[in-house]
1. Treating the angle as unsigned and between 0 and 90°, give the value, to the nearest 10°, between the Cα long axis of helix 122-131 and the longest Cα principal axis of the chain.
2. Could you give the semi-axes, largest first, of the ellipsoid that matches the range 70-113, computed as the square roots of 5 times the alpha carbon gyration tensor eigenvalues and rounded to whole Å?
3. Got a sec? Charge dipole of the range 8-144, +1 on Cβ for Lys and Arg, -1 for Asp and Glu; which of I112, L37, I84 is way out at the positive end?
4. Mind ranking 454-461, 273-280, 243-250 by how tightly packed they are, going by the mean number of other C-beta atoms within 10 angstrom, highest first?
5. Gain in length, N197 to K22, computed as 0.36 nm per residue apart minus the alpha-carbon separation, to one decimal in nm?
6. Find out how many positive minus negative residues lie around L183, taking Lys and Arg as positive, Asp and Glu as negative, among other residues whose Cβ is under 10 Å from that of L183.
7. Grab the Cα-Cα distance for I350 and N393, subtract it from 0.36 nm times how many residues apart they are, and report the gain in nm with one decimal.
8. Report, as a whole number in µm² per second, the diffusion coefficient that Stokes-Einstein gives for the chain at 10 °C and 1.306 mPa s using the Kirkwood radius over alpha carbon pairs.
Amino acid sequence: MLKNNILYDFVIFGATGDLATKKLLPTIYMLEKKKKLKKNKKIIAIARTNFNTIQYISKIYENFKKNIKNFKNDIIWNNFKKKIYYCSLDIQNIDNFIQLKNILKFKNQLIIYYFCVMPSLYVFICKGLKKFQFNYHNARIIIEKPIGTSYEDYKNIKNILLKSFKKDQIYRIDHYLGKNSILNILPLRFSNIFFFNNWCSQFIDHIQITISEKIGIENRWNYFDKIGQIKDMLQNHLLHILCLIAIEPPKSLNFLEIKKEKINILKNLQIITDLNSISIGQYTKNIISEKKIKSYLEENNLKKNSFTETFIALKVFINTPRWKNVPFYLRTGKRLSKKCTKIVIFYKNIYNFSHFSNINENFNNCLTIYLQPKSKIFMNFYFKNKENNFFNNLKKNQITFYNEKKIYNNNFLSDYEKLFLEIIHGKKDLFVTSKEIEFSWKWIDPIIQLYTQNYNILEYYPAGSWGPTSSEILLKKDQKQWNNETI
Ligand SMILES: NC(=O)C1=CN([C@@H]2O[C@H](COP(=O)(O)OP(=O)(O)OC[C@H]3O[C@@H](n4cnc5c(N)ncnc54)[C@H](OP(=O)(O)O)[C@@H]3O)[C@@H](O)[C@H]2O)C=CC1
Ligand SMILES: O=C1O[C@H](COP(=O)(O)O)[C@@H](O)[C@H](O)[C@H]1O
């Protein structure tokens with residue numbers, strides 16, 4: 001067990017990429033600024049681009065100016081930049097790892113290796129680190145989602161990881177598990193009898209979960225075109241949210257008990273075999289607020305064709321008594337109308353309310369759980385109109401249970417900041433287990449197979465919309481419609 005006062009180095013593979021430059025380096029910088037990271041010595045940044053350290057630092061500086069609120073060229077930045085070393089190296093040639101010999105000399109300190117590249121490169125990193133004995137007992141490795149591209153691929157990566165590192169050295173990260181609003185789902189469900197008592201098929205008609213992004217693929221063609229939205233967002237972030245909404249009450253608040261229940265949901269997800277249960281799309285160009293938005297295909301300078309999906313919506317059932325016949329509608333896409341992650345729970349209309357004149361058959365109380373960009377939980381209720389003595393012309397009101405204000409003080413930690421500190425302290429509660437990943441791939445594989453055998457279902461949608469028409473039809477067939485309200 002490492003002592004907390006030991007010095008540590010960060011090694012980032014994929015240091016010129018989107019995640020490293022927009023999220024990881026800002027995370028380390030912010031933790032230093034908040035005085036949470038006094039002990040780190042070096043940040044070793046690795047990628048193929050032929051930068052020297054000075055050039056790399058100036059790229060990061062420009063990035064910080066754009067992405068960090070109130071960023072200044074001050075003493076904190078000057079101390080931070082002194083820790084950065086850039087090393088140009090092609091991971092695929094494992095002999096190149098010899099270049100790290102002069103940099104990674106200290107065997108008695110914590111080393112954090114961050115795998116921030118596409119999953120096909122993970123095995124090269126493991127082999128390279130092992131070949132030159134950088135797989136010290138005190139190293140920790142952080143692996144980004146998606147780990148692998150299928151169940152088989154995951155098993156292969158897992159075997160190679162375990163040949164280089166022990167189980168307890170491996171941290172499988174999903175930054176959605178570090179988001180405050182997502183950590184709030186279980187307390188909402190299990191600490192409030194009002195919700196707890198109504199959380200089942202007897203009272204719930206259906207549930208919608210949306211993760212929509214306004215951005216496109218942000219110069220990430222090489223990564224994204226091989227991966228697609230199903231593996232980028234559905235296999236991991238969206239499934240975690242679904243599991244937290246659907247799990248049975250865990251025996252205790254021990255994270256292992258919670259994981260057990262999550263796996264039970266993954267095992268009971270009905271396998272998708274029917275094209276009528278899915279909608280797959282790719283964005284096309286558009287002009288939004290006088291700005292030209294490129295189509296997905298134009299993001300690629302080579303102008304080649306691609307069937308990679310940037311949108312998926314689907315309808316799924318969970319085969320447990322609690323969720324008998326309750327459809328879950330899931331969707332996630334890039335270049336949609338708004339950035340928003342939310343869950344909407346539609347309660348059943350058991351009593352016949354038709355005598356309330358202005359309430360149509362779509363009348364439902366629904367609970368909306370906004371996870372981001374703001375965290376807010378509210379319910380729609382219907383009340384009598386003040387001006388009217390009769391029960392017609394009812395008014396729709398919102399009762400808000402939770403409304404998180406944006407906090408920018410030193411105590412507030414972003415998702416990655418929280419997870420980084422957990423790694424440094426050797427805590428694994430907020431990380432993903434190997435079993436969760438295995439069962440998620442088992443459910444995802446048939447969806448990918450269904451799509452790759454039926455590329456003709458790919459439908460185009462204009463950037464800035466809510467996705468392809470088939471996504472609307474998916475719900476219309478069940479006399480339902482997507483809730484597209486945003487806050
Ligand atoms: N972007 C995001 O917001 C998030 C991304 N992630 C995950 O992070 C991982 C990386 O994604 P992202 O940063 O977006 O992808 P990018 O395509 O932006 O970055 C990939 C990085 O890998 C490097 N790279 C590629 N091939 C090699 C090679 N052979 N040797 C050395 N370096 C190489 C690239 O640098 P170079 O070309 O210079 O070699 C680049 O630094 C993915 O697993 C993704 O799922 C997770 C959460 C959020
Ligand atoms: O993992 C990923 O997540 C981001 C979205 O993260 P968020 O915290 O901004 O919701 C997504 O853009 C990226 O494609 C994906 O790899």
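The values are calculated or read from the model by the stated rules, or taken from the named source; none is laboratory data. Quick caveat: nothing in here was measured; it's all calculated off a predicted structure. Because the Cβ atoms are built from the backbone with ideal geometry, glycine has one as well, and the counts that use them run over all protein chains shown. These area figures cover heavy atoms from the full protein model, side chains too; ligands, DNA and RNA do not enter into them. Shrake-Rupley method; radii C 1.70, N 1.55, O 1.52, S 1.80 Å.
1. Relative to the chain, helix 122-131 is tipped by roughly 30 degrees.
2. On the way: eigenvalues 153, 44, 15 Å².
They are 28, 15, 9 Å, listed from largest to smallest.
3. Checking the options against the dipole of the range 8-144, the answer is L37.
4. Details: 454-461: 15.0, 273-280: 17.8, 243-250: 19.2.
Highest-to-lowest ranking by the protection proxy: 243-250, 273-280, 454-461.
5. Working: separation 175, 0.36 × 175 = 63.00 nm, distance 4.20 nm.
Net length gain for the segment: 58.8 nm.
6. Values: positive: K179, K418; negative: D415.
Value of the local net charge: +1.
7. On the way: separation 43, 0.36 × 43 = 15.48 nm, distance 2.04 nm.
Answer, rounded to one decimal: 13.4 nm.
8. Details: Rh = 24.4 Å.
Estimated diffusion coefficient is 65 µm²/s.
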